[in-house]
Amino acid sequence: AKSRGRNSIHYFTENMSTDFLKRMEIMRDLRIAVEQKQFYMVYQPIVNLTTSRITKAEALIRWQHPQKGLISPLEFIQIAEEIGLIVELSEWIFNEVTQQVDIWRKQYCPDLTISINTSPVQYKNNGAQINAWADSLILRDIPCEAISLEITEHLLMENQLEAVEALDKVRLHGMSVAIDDFGTGYSSFAYLKDFDFDYLKIDQRFVQNMSADNKDTALCEAIIAMATKLKMSVIAEGIETEQQKQLLIQAGCTFGQGYLFAKPLSAANFEALLIEQTRN
Ligand code: C2E
Ligand code: CA
Ligand code: CA
Ligand code: CA
């Protein structure tokens, strides 16, 4: 038993140091990546569950590292937040997405809305960055309706007052706001009381375990009923099967996103979908 204990300590420190080194490398490389713009955006369609029409998409970032290849946002967004790079990175994301949505609205889909994931620091200083975004859209004649901001409960927990005030302001201009990963944080309900969201996104953890008459389905049904009463539209995330889709439609869910419809797509592939849709 003693030697096993020693071994597990050995493995533990070894893992800890590789994790630590990996983090250090990401921190170092991320600064260069932001300078050299080693990123691109992918777009995951959000479909109307009953009509199958696409009028929304979520923009998700990808990092193409020159040596390490593709790195998941799960591995670098949090680090970018910690070392303060997220503001600059988000500025790049915003410019990229707004140029794109403007073109797509003009050419293929006048009511297209693209959502952008936001981080807590973007709501600091009374939401200076978010407010600047609204101004930038107005200056460039892009309707604020073209952009939606996704916010996690975790974000709201850190900066509640500032976030609420900043969001109230951008909503006045017509940008919509979605609460992301709903049901995974704590005190979700308190946020619903303090702030008016346009969309509620049910976390994929609930959606992926839905089957006839189980707890996850009951929870989704309850969340959808509540959101509807509070005048929010619901987007279910992570739909992978036809059965999940059907159960969500029965529960009154309007929008869905997930591999059943499409994986996150390159701008060119998403554009091809929009073109196909204009022909139908
Ligand atoms: P999220 O906002 O909850 O985004 C949804 C994630 O679920 C995406 O992972 C998407 O690819 C994945 N997904 C979509 N449909 C399915 C499905 O049917 N099954 C499964 N298993 N997964 C599905 P991704 O792109 O790896 O992003 C992970 C997280 O990284 C995002 O979670 C978001 O929190 C963050 N993130 C991504 N892009 C950005 C960004 O541009 N800015 C910020 N601040 N965060 C971002
Ligand atoms: Ca999201
Ligand atoms: Ca989510
Ligand atoms: Ca998430």
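Checked against (1) crowded, with 21+ Cβ neighbours inside 10 Å; (2) in contact (Cβ under 8 Å) with a residue 60 or more places away in the chain, ALA163 meets all criteria but (2).
Select, from SER115, SER136, the only residue that is at pLDDT 90 or above and part of a helix (DSSP H, G or I).
SER136
Just to check your reading of the model, which residue among ILE83, ILE79, ILE26 is more than 24 Å from VAL177 (Cβ to Cβ), more than 11 Å from ligand 1 (Cβ to nearest atom), more than 16 Å from the chain's Cα centre (by Cα) and open to solvent by 30 Å² or more (accessible area, probe 1.4 Å)?
Exactly one residue qualifies, and that residue is ILE83.
On inspection, GLN99 does not qualify as over 30 Å from LEU139 (Cα atoms), more than 17 Å from the chain's Cα centre (by Cα), polar (S, T, N, Q) and open to solvent by 50 Å² or more (accessible area, probe 1.4 Å).
Among the numbered conditions (1) within 16 Å of ligand 4 (Cβ to nearest atom); (2) polar (S, T, N, Q); (3) outside any strand (DSSP E or B); (4) within 21 Å of ASN269 (Cβ to Cβ), the only one that SER52 does not meet is (1).
Per the listing ILE71, ILE116, ILE147, the residue uniquely in contact with a Phe, Trp or Tyr (Cβ under 9 Å, 6 or more places away or on another chain), aliphatic (A, V, I, L, M) and more than 16 Å from ligand 2 (Cβ to nearest atom) is ILE71.
Okay, residues lined up against (1) free of Cβ contacts under 8 Å to residues at least 60 places away in the same chain; (2) within 16 Å of ligand 4 (Cβ to nearest atom); (3) under 18 Å from the mean Cα position of the chain (by Cα):
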site: PHE94; (1), (2), (3): yes, no, yes
site: PRO120; (1), (2), (3): yes, yes, yes
site: ALA128; (1), (2), (3): yes, no, no
site: ALA132; (1), (2), (3): yes, no, no
site: THR152; (1), (2), (3): yes, yes, yes
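Listed by position, the helices (runs of 4 or more DSSP H) contained in the stretch 150-262 that have at least 2 residues being modelled with pLDDT of 85 or more and more than 16 Å from ligand 1 (Cβ to nearest atom) are 160-173, 215-229, 242-250.
The values are calculated or read from the model by the stated rules, or taken from the named source; none is laboratory data. Nothing here was measured: the structure is a model prediction, and the numbers come from that model. Cβ atoms come from the backbone with ideal geometry, glycine included; neighbour counts cover every protein chain shown. Please note that ligands, DNA and RNA were not included when accessible areas were found on the heavy atoms of the full protein model with its side chains. Shrake-Rupley method; radii C 1.70, N 1.55, O 1.52, S 1.80 Å.
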